[in-house]
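The values are calculated or read from the model by the stated rules, or taken from the named source; none is laboratory data. Quick caveat, the model's predicted, so the values are computed rather than measured. Neighbour counts run over all protein chains shown; Cβ positions are idealised from the backbone, glycine included.
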Amino acid sequence: MTNIDINSDSLKPLLGAIFDSQMMLVSLSVILFCFLKDRLALRYSLLCFAFFVNGYLTHDLILELDTHMVFRYIYWAAADILFIAIVAYWALKDKMYMWQSIICQLVVIPAPLLQLFRLVDRHLMELSYSGYFYKTILPLVNYATVFLCFAPLIYLLGRKRVSSQPPQDVS
């Protein structure tokens, strides 16, 4: 069995492709809900788009400025917490689907926890337990957040299918 080095430079193109595919999907959801005129779904998609663009534009800068490799995890955890807070606030103000907000919060909550665990693991305790979690769970959280952009469309299609079926005879 071969060992895979998760810190190798050979994984960087794969991680770049994942990010690009996530941006494509989020952009597609923005365009889709713009045409469907679903303001609640569009608002969540635009929020995801804004946070992905922010992450893309600030990633290299944060890595460059954070020479001690500490503040990056705090910044990224704070960004995740801000995302969760916005989603929760919008749901309470009926500016986003409540069910989508709840699922989103449950999906995203591992991200800031993982960022802070990574900080403690690498820098306070000088261990390396977080590496595998960090490289596997964080992309899954990001993909789930992106796929959640399309959840209202799936819900809408399911409702239309159910409403178009003739009533069943119960006798």
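Structure above, values below:
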read-out: The listed residue being more than 14 Å from the chain's Cα centre (by Cα) and closer than 21 Å to V26 by Cβ, out of A91, A85, A111, A79; value: A91
read-out: Residue within segment 66-85 that is in a helix (DSSP H, G or I), at pLDDT below 95, surrounded by fewer than 14 Cβ atoms within 10 Å (Cβ to Cβ) and among the hydroxyl-bearing types (S, T, Y) present; value: no
